[in-house]
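Following: one structure in structure tokens, then a few remarks.
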Amino acid sequence: MCGIVGYIGARQAQDILLNGLERLEYRGYDSAGIAVMDGAKLGVRKCAGRIAELRRLTENSPLSGCIGIGHTRWATHGEPTDVNAHPHTAGRIAVVHNGIIENHAALRRHLTEMGCRFVSQTDTEAAAHLLNALYRGDMLLAIRQAMGQLEGSYALAVLCENEPDVIYCVRLGSPLVVGVGEGEMFLASDIPAILPYTRDVIILEDREIAVLRRSGVRVYDAQGKPREVKPYSVDWDAAAAEKGGYAHFMLKEINEQPRAVQGTLSAYCGSEGLHSLLDGVPERVDFIACGTAYHAGMAGRHYFRELAGVESEAHIASEYRYSRLFPHPGETVVAISQSGETADTLAALRSAAEAGVRTAALTNTVGSTLSRLARAAMLTYAGPEIAVASTKAYITQVETLLLAAIDLGLRNGNLAAERAEGLLSALRALPEKMETVLQNPQFIQQYCGRHMNTRLMFFIGRGIDYAMAMEASLKLKEVSYLACEAYAAGELKHGSIALIDEGIPVFAICTKESLLDKTLSNLRETKARGAETVCVCPERFAVRAGQDADIVWTVPDADEMLLPLLIMLPMQLLAYYMAAAKGRDVDKPRNLAKSVTVE
Ligand code: F6R
């Protein structure tokens, strides 16, 4: 969603801001802008559309100055127009904002009565006017006073012509990081924006205000008390956030999965054995998450039931938070989120904590709000994920949940040590098998070429394969815009089979021997109604699958518990090549954002 960048130093700010905004493009946006201060004079350039438009604007009319802030906006209040784009100005102040000011209407009324003139439809403009109204020569104080009046979530960066050598920023519920350089400081809502310049970052906490000068940064709490800060060194490098020869980040990230799985395994399972991933010995483990992360939770539910023998459910975060909770004394709720900033997931985690449930987070983002809210945090070691569609973060989420279930199963006595060791050694062999699948994408590419005009597709599976079918369907629809549906294989005949028609592709995902015949018989039902059927399964089921399916896609044989990790690779490639064949904006699908910070 929206992105923020800022720079203060000896270099011209304009290019650094534009480069930073480009590195945040993956978050999704529909307008962009920058404000640069030259001496005590603010200049603003902003427009609807892509950063390329903004670049054109700045080429025709450049901004000079060594201090500035920039923004990519994903419209919530008011359409994506030039006027609604950030920065917003009021008096001698310019502001960029991520998040939502919930009481913006009341503030707008009050400030209008005081004589302020609003030009945009945005909630942000209310924050700009409020700061301008409160400013009496001390911006730190004005920001602290404004915090008392602003409701909602925000990350704000502020420039003021009266203080031409400072950037102020503040956060509540929306991330902000300060990058520390030599004689220069950077600001961003997301680490990849500043990685080419520095790896030393300070992650701001909620209700903290940072004051950036060329010489350094000072961080204050809401009472104006300074906090001692020590930069943290990010271990990703800038190359990890670049395409490295691939046509798209999505393809690069799909291909990085063997390494991501290997990295996550080594982080949790060293020479001393498997680490404890969850605190204590929970008797019930529930998952809360959204979208793809929810599908990882659905897979986790199977692992915890089967390997740890504990009750487990996966919940959609935006539903969980409004449902009546029945907390169990031995329960742990695990919130899963790649970004660690998803508003629905954060709200659901807070509800669980308020109900007295023990909480844990599973995230790919060190220092994210989620990891700090939860009592304990587990990390996925996928590295930065830039494409909007989640691939490597998802696979490492499923893997980490598998490891956590093995660990709990060992500790609660449900899983024999030999079986656990068998699973771990199979996991060690998995990256090589993943490489085999990734080296042969041609048949998938050809399939997509033949089916790019298909109007509808179905994915079916039973048990954990239903979770995989859900994810395969989401991936395909979000990047290719092809209408598709996922069903529990036995459920299709209860209504949706009416949609099956001549040539509609139906994919059956089959990783479990005990469910193979049942799922194949559901596939046969669709074939009898004209569907073109594809079975995606391990090599050992190929002959059996070929008796019922028109097409069989295989992955190398592996332990049944690990097959879901392998089977997702052809499904992700299907989504990628279909989107590429249709000429979609693969890394930045329409209407979507990488980090969904609104409810
Ligand atoms: C789909 C996708 C989304 C996210 C969802 C939650 O590819 O990426 O469905 O999984 O928006 O995001 P996080 O994991 O950041 O909480």
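The values are calculated or read from the model by the stated rules, or taken from the named source; none is laboratory data. Remember, predicted model here, so these are calculated numbers, not experimental data. Virtual Cβ from ideal backbone geometry, glycine too; neighbours counted across all protein chains shown. When the accessible area is computed, the model is the full protein with side chains, heavy atoms only, and any ligands, DNA or RNA have been set aside. Shrake-Rupley method; radii C 1.70, N 1.55, O 1.52, S 1.80 Å.
Things worth noting here:
- Being over 18 Å from A75 (Cα atoms), in contact with a strand residue (DSSP E or B) (Cβ under 8 Å, 6 or more places away or on another chain) and open to solvent by 50 Å² or more (accessible area, probe 1.4 Å) holds for only one residue in L18, L42, L57, and it is L57.
- Region 78-90 residues that are in the same structural domain as T122 (by TED's automatic domain parsing) and under 11 Å from D30 (Cα atoms), paired with ones that are among the charged types (D, E, K, R) and assigned to a loop (DSSP other than H, G, I, E, B) (beta carbon under 9 Å, 6 or more apart): E79/D30; P80/D30; A85/D30
- Residues of region 431-485 classified as within 27 Å of A382 (Cα to Cα) and not in a helix (DSSP H, G or I), total: 7
- Failed condition for G291, given (1) more than 16 Å from the ligand (Cβ to nearest atom); (2) under 19 Å from E399 (Cα atoms); (3) buried (at least 17 other Cβ atoms within 10 Å of the Cβ): (1)
- Pairs, first at pLDDT 95 or above and open to solvent by 10 Å² or more (accessible area, probe 1.4 Å) in region 389-411, second within 16 Å of the ligand (Cβ to nearest atom) and of a type outside the set (D, E), C-beta under 7 Å, six or more apart: S390/T292; S390/Q338
- Which numbered condition T76 fails, given (1) of a type in the set (S, T, N, Q); (2) open to solvent by 10 Å² or more (accessible area, probe 1.4 Å); (3) more than 18 Å from Q121 (Cβ to Cβ): (3)
- Just so you know, in region 315-365 the residues that are touching a residue at least 40 places away in the same chain (Cβ under 8 Å), more than 13 Å from the ligand (Cβ to nearest atom) and in a strand (DSSP E or B) include one that is nearest to T400 (Cα to Cα), and it is A360.
- In region 366-381, the residue that is nearest to A314 (Cα to Cα) out of those that are within 12 Å of the ligand (Cβ to nearest atom) and not in a helix (DSSP H, G or I) is T380.
- Lone qualifier among A387, A360 - being in contact with a Phe, Trp or Tyr (Cβ under 8 Å, 6 or more places away or on another chain) and aliphatic (A, V, I, L, M): A387
- Some residue of region 559-572 being at pLDDT below 95 and in contact with a Lys or Arg (Cβ under 7 Å, 6 or more places away or on another chain): no
- All of D200, D138 fail the test of being more than 20 Å from R11 (Cβ to Cβ) and charged (D, E, K, R), apart from D138.
- Test set (1) over 30 Å from E331 (Cβ atoms); (2) open to solvent by 30 Å² or more (accessible area, probe 1.4 Å); (3) at pLDDT 95 or above - Q439 fails condition number: (3)
- Against the numbered list (1) modelled with pLDDT of 95 or more; (2) touching a helix residue (DSSP H, G or I) at 6+ places or on another chain (Cβ under 6 Å), L24 comes up short only at (1).
- Every residue from region 112-132 that is surrounded by fewer than 18 Cβ atoms within 10 Å (Cβ to Cβ) and in contact (Cβ under 8 Å) with a residue 12 or more places away in the chain: M114, V119, Q121
- Taken across region 513-522, residues that are of a type in the set (D, E, K, R), touching a helix residue (DSSP H, G or I) at 6+ places or on another chain (Cβ under 6 Å), at pLDDT 95 or above and closer than 30 Å to G422 by Cβ do not occur at all.
- Conditions (1) among the hydrophobic types (A, V, I, L, M, F, W, C); (2) under 25 Å from the mean Cα position of the chain (by Cα); (3) within 24 Å of K475 (Cα to Cα); number of the one not met by A374: (3)
- Candidates R524, R584, R540, R529 - the one that is open to solvent by 10 Å² or more (accessible area, probe 1.4 Å), within 21 Å of the chain's Cα centre (by Cα) and charged (D, E, K, R): R584
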